[in-house]
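**Q** Please find one structure pasted underneath; my questions will follow.
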Amino acid sequence: MIFKGFIKNELVPEVLSHMDVACFPSILDSESFGVAAVEAMACGTPVIASDASGFTEVIEDNITGIVIPKNSVDALCEAMMKMYSLSKKDRENMGVAGIKRVHELYNFENNMKTYVEAISNAVRK
């Protein structure tokens with residue numbers, strides 16, 4: 001295993017796309033939004049993340065990654081072992097499911113259309 005640490009913004013997509021798994025074991029009760037997990041999923045990388053609310057919004061447990069209880073080193077270790085016990089094909093399938101989820105839920109054009117419609121409806125009222 002290689003722990004990457006800090007990665008320059010412009011290198012994030014390239015680095016994420018070459019990872020077997022990306023881990024986000026936040027100890028907070030809530031992350032404002034699981035953007036790091038979405039970025040990894042968009043690159044086809046399965047994720048392991050804590051059950052902080054921002055991550056649970058974006059990750060489908062055992063489909064696009066694995067959700068673990070926060071503050072549990074044991075759960076993180078178990079999830080990492082589980083991820084690496086999967087076949088490469090199963091991890092790739094998780095990555096494909098992540099790409100699909102990102103495209104379905106976080107497509108910029110669709111989100112902007114929904115946003116404009118919501119603002120227009122609010123203004124009309």
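**Q** Want the number for Asn9 to Lys89: 0.36 nm per residue separation, take away the alpha-carbon distance, what's left? Please report the intermediate quantities before stating the final value.
**A** On the way: separation 80, 0.36 × 80 = 28.80 nm, distance 2.85 nm.
Stretched out fully, the Asn9 to Lys89 stretch lengthens by 26.0 nm.
**Q** Something else about it: What relative contact order, as a whole-number percentage, does the chain give when Cα pairs under 8 Å and 6 or more residues apart are counted?
**A** Values: 166 pairs, mean separation 28.2, N = 125.
Relative contact order of the chain: 23 percent.
**Q** Further, regarding this structure: Going down the table (Lys8/Lys88; Lys88/Lys113; Lys70/Lys100; Lys4/Lys82; Lys4/Lys88), which pairs top 30 Å between alpha carbons? Could the numbers behind the result be given before it?
**A** Numbers: Lys8/Lys88 27 Å; Lys88/Lys113 37 Å; Lys70/Lys100 26 Å; Lys4/Lys82 20 Å; Lys4/Lys88 21 Å.
Beyond 30 Å: Lys88/Lys113.
**Q** Same structure, new question: Given the -39500 (n - 2.57) contribution per DSSP H run of 4+ residues, what per-residue ellipticity at 222 nm results for the chain, rounded to the nearest 500 deg cm²/dmol? List each step's numbers first, then the result.
**A** On the way: 6 runs with 68 residues, N = 125.
After summing the helix terms and dividing by the residues of the chain, the value is -16500 deg cm²/dmol.
**Q** Enumerate by residue number the trypsin sites (Lys or Arg not before Pro) in region 1-98 meeting two conditions: DSSP loop (anything except H, G, I, E, B), and at most 15 other Cβ atoms within 10 Å of the site's Cβ.
**A** Numbers: sites: Lys4, Lys8, Lys70, Lys82, Lys88, Lys89, Arg91; in loops: Lys4, Lys8, Lys70.
Qualifying residues, ordered by number: Lys4, Lys8.
**Q** Separate question: In square angstrom, rounded to the nearest 10, how much accessible surface does Phe108 have for a 1.4 Å probe?
**A** Only protein atoms counted, so the area is about 140 Å².
**Q** Now for a separate question. If you count only protein heavy atoms and use a 1.4 Å probe, how large is the accessible surface of Asp20, to the nearest 10 Å²?
**A** Result for Asp20: roughly 80 Å² accessible.
**Q** Just Pro46, Pro25, Pro13 to compare: in a GNM of the chain, with alpha carbon springs under 10 Å, which one fluctuates most?
**A** Result for the chain, Cα springs under 10 Å: Pro13 fluctuates most.
**Q** Still on this structure, please answer the following. For region 5-19, just list the computed ³J(HN,Hα) in residue order, Karplus coefficients 6.51, -1.76 and 1.60, θ = phi - 60°, integers in Hz, with x standing in for Gly and Pro.
**A** Result, ordered by residue: x, 5, 10, 4, 3, 5, 9, 4, x, 5, 5, 4, 5, 9, 7 Hz.
**Q** Now, a different point. Can you list residues whose amide H is under 5 Å from Ser26's amide H, if they're 5+ apart or on another chain and H is modeled 1.01 Å from N?
**A** Ser50
The values are calculated or read from the model by the stated rules, or taken from the named source; none is laboratory data. Predicted model, so just to flag it, every value in this text is computed and none were measured. For neighbour counting, all protein chains shown are included, and Cβ atoms are generated from backbone atoms with ideal geometry for every residue, glycine included. Each accessible area value is taken on the protein alone, full model and side chains, heavy atoms only, with ligands, DNA and RNA left out. Shrake-Rupley method; radii C 1.70, N 1.55, O 1.52, S 1.80 Å.
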